[in-house]
Amino acid sequence: MTRRVVVLGGGTGGTLVANRLRRRFRLGELEVVVVDQDDRHVYQPGLLFVPFGLADPDDIVRPRGRQLRDGISFRRQTVDRVDIEDRVVHLGDGSSVRYDVLVVASGARLLPDETPGLTGPGWMSDVFTFYTPQGAGALAGALATFDGGRLVVNVVDLPIKCPVAPLEFCFLADSYFTRRGIREKVDITYATPLDAAFTKPVAAAHLGDLLSQRGIELVTEFNTGEVDGSGRSLTSYDGRSLAFDLAVVVPLHGGAEFVGRSAGLGDELDFVPADERTLQSKAAPEVFVVGDAAAIPASKAGSVAHFAGETVVENIVRFLDGEPLVETFDGHANCFVETGHGKALLIDFNYEQEPLPGRYPSMVGLPLLKESRANHLAKRLFEPFYWHALLPGRDVPGVGAAMPVAGKRVPVAQKEMP
Amino acid sequence: MTTATLAAREVELNDEGFFVDPTSWSEEMVPELAQREGIDVLTDAHWTVIRFMRREFFEKGTGPTVRVLGKTSGVSVKELYQLFPKGPAKVAARIAGIPKPRGCI
């Protein structure tokens, strides 16, 4: 009997899981259906470069269906809700699809309307986000004509996709204004709800130092309560205000809307709780979660979706065979952090181990937590690997799912983790 | 790590003032803990948040963030900041005797 896996979401996680599953089974054994509301697959790491004229928004978007192997059906349709009891997905057009296994890969959704004033006056003229192709494109226009003043980069609250991206934006802005010869006319401020530049202590210290070296002011524990676009200021819940001439805001994130409409599937932010090692959802044994949609203590990042995808595929195969699941996902994330001026640093971490200095993936490799030209080149050269190796489900040379420790300088007395 | 005496009992706190062992906490310690945070008058709303924080921690393994608190505790984010002006998630976690909310990575 042919069994059916339905994958909700044709982004990084959903695409690579569908492609890997297709390769593991013969056509008659398993049907793979991918559902997405649109046919625009965005190479999201490229969004960071768009505002600075280093990438074109049109070049980082490709059709979703074309990234899927032959033999996978792609349904372009919204999802109304999942009926977990009956194992049925109800689609927006009133049709429904039954499943033996469901993969929730519907990512994170931007919620700019949840912050009072953010999408009011000034939105997309003085207040921008670079987390969408449209926003990043519009911001490119605004930066090109920006001749000086206060640039405020703000993260409203976590979780967000790619938590290092707003920092990278600051570094690239510093580099950009320097290149244009007007750096001294621009004040750059990074306002974060965290109590440091980043979540993990060693990396936070490194990144905090880099901010101060670049003359970027760091404002911590700033929980944006309101954006006043006409008065050009951000106000935090504790009453502090930040005046700006140009604001770049990373809005609140939540999971897909259908998660909220599916009884028993998601949490209060519409993300889907799952076992952090097996990625089986807490909602039902035949439901798995990959990528940003998951409520697990890992970063919302493409690398995490990539590494988690391997565990999800293995566990779907085992689930269908009635075998015990593997607990192989270790929370591994691997992020190139652009630091401007043609350099980048690399951080590599998992559930247990925070980002450390050293080399990746072993003693011979890219420097970790240290700026280098090689890391910048690796980041810029990653895009072809993304389309041609990662999404099709081929193994990327030198990049394994489990976090490597060989090249890392682990502190002798590991500091107590908070 | 420091040792503090609260409600005549010795408890261990970490460098940031969070309980090392959440089970060593008791409700009698709350007024003293609140005072250490500059909160002299504890209202019912404070207690609602404190009890909610503990329940969430023992259910989910981490205390909620401000945003989740605002969505689920029945107390709005604005009100949370009025109750705990120095940052609801961290301050309420310290008073509720649970570790620093893990937040997000």
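Quick look at the values:
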read-out	value
Matching residues in the stretch B:90-105 - criterion: being of a type in the set (A, V, I, L, M) and within 9 Å of chain A (Cβ to nearest Cβ)	B:I105
Filtered residues of the stretch A:216-241 (kept if part of a loop (DSSP other than H, G, I, E, B), closer than 14 Å to A:P166 by Cβ and not β-branched (V, I, T))	A:F222
Enumeration of residues in the stretch B:74-87 that are at pLDDT 90 or above and either facing chain A (nearest Cβ under 8 Å) or under 13 Å from the mean Cα position of the chain (by Cα) (or both)	B:V77, B:K78, B:L80, B:Y81, B:L83, B:F84
Matching entry among A:T132, A:T235, A:T199, A:T189 (being over 30 Å from A:E352 (Cβ atoms) and within 14 Å of chain B (Cβ to nearest Cβ))	A:T235
Residue ID - farthest from B:E16 (Cα to Cα), chosen from residues in the stretch A:202-226 that are within 14 Å of chain B (Cβ to nearest Cβ) and of a type in the set (D, E)	A:E226
Number of the exception - A:E276 against (1) in the same structural domain as A:A142 (by TED's automatic domain parsing); (2) crowded, with 16+ Cβ neighbours inside 10 Å; (3) under 21 Å from A:I347 (Cα atoms)	(1)
Test for A:D321: is it surrounded by fewer than 24 Cβ atoms within 10 Å (Cβ to Cβ) and within 20 Å of the chain's Cα centre (by Cα)	no
Residue match in the stretch A:397-415 (condition: modelled with pLDDT of 95 or more, more than 14 Å from every other protein chain (Cβ to nearest Cβ) and under 23 Å from A:L102 (Cβ atoms))	no
Where a residue in the stretch A:64-75 is part of a helix (DSSP H, G or I) and its partner, wherever it lies, is of a type in the set (A, V, I, L, M, F, W, C), with Cβ under 7 Å and at least six apart	A:G65/A:F74; A:Q67/A:L391
Answer from A:A263, A:A308, A:A293, A:A283 - the residue that is of a type in the set (A, V, I, L, M), closer than 26 Å to B:P64 by Cα and within 14 Å of chain B (Cβ to nearest Cβ)	A:A308
Leading residue by the ranking (surrounded by the fewest Cβ atoms within 10 Å (Cβ to Cβ)) among those in the stretch A:226-253 that are touching a helix residue (DSSP H, G or I) at 6+ places or on another chain (Cβ under 7 Å) and at pLDDT 95 or above	A:L246
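Residues checked against (1) part of a loop (DSSP other than H, G, I, E, B); (2) free of Cβ contacts under 8 Å to residues at least 12 places away in the same chain; (3) surrounded by fewer than 18 Cβ atoms within 10 Å (Cβ to Cβ); (4) among the acidic types (D, E):
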residue: A:N315; (1), (2), (3), (4): no, no, no, no
residue: A:D330; (1), (2), (3), (4): yes, no, no, yes
residue: A:I347; (1), (2), (3), (4): no, no, no, no
residue: A:Y360; (1), (2), (3), (4): no, no, no, no
residue: A:A378; (1), (2), (3), (4): no, no, yes, no
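Every residue, every condition in (1) away from chain A (no Cβ under 14 Å); (2) closer than 26 Å to A:P163 by Cα; (3) of a type outside the set (D, E); (4) assigned to a strand (DSSP E or B), yes or no:
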| position | (1), (2), (3), (4) |
| --- | --- |
| B:E16 | no, yes, no, no |
| B:L33 | yes, no, yes, no |
| B:H46 | yes, no, yes, no |
| B:R51 | yes, no, yes, no |
| B:V68 | no, yes, yes, no |
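The values are calculated or read from the model by the stated rules, or taken from the named source; none is laboratory data. From a predicted model like this one, the values you see are computed outputs, not experimental measurements. Positions of Cβ are generated from backbone atoms using ideal geometry, with glycine treated the same way; all protein chains shown enter the neighbour counts.
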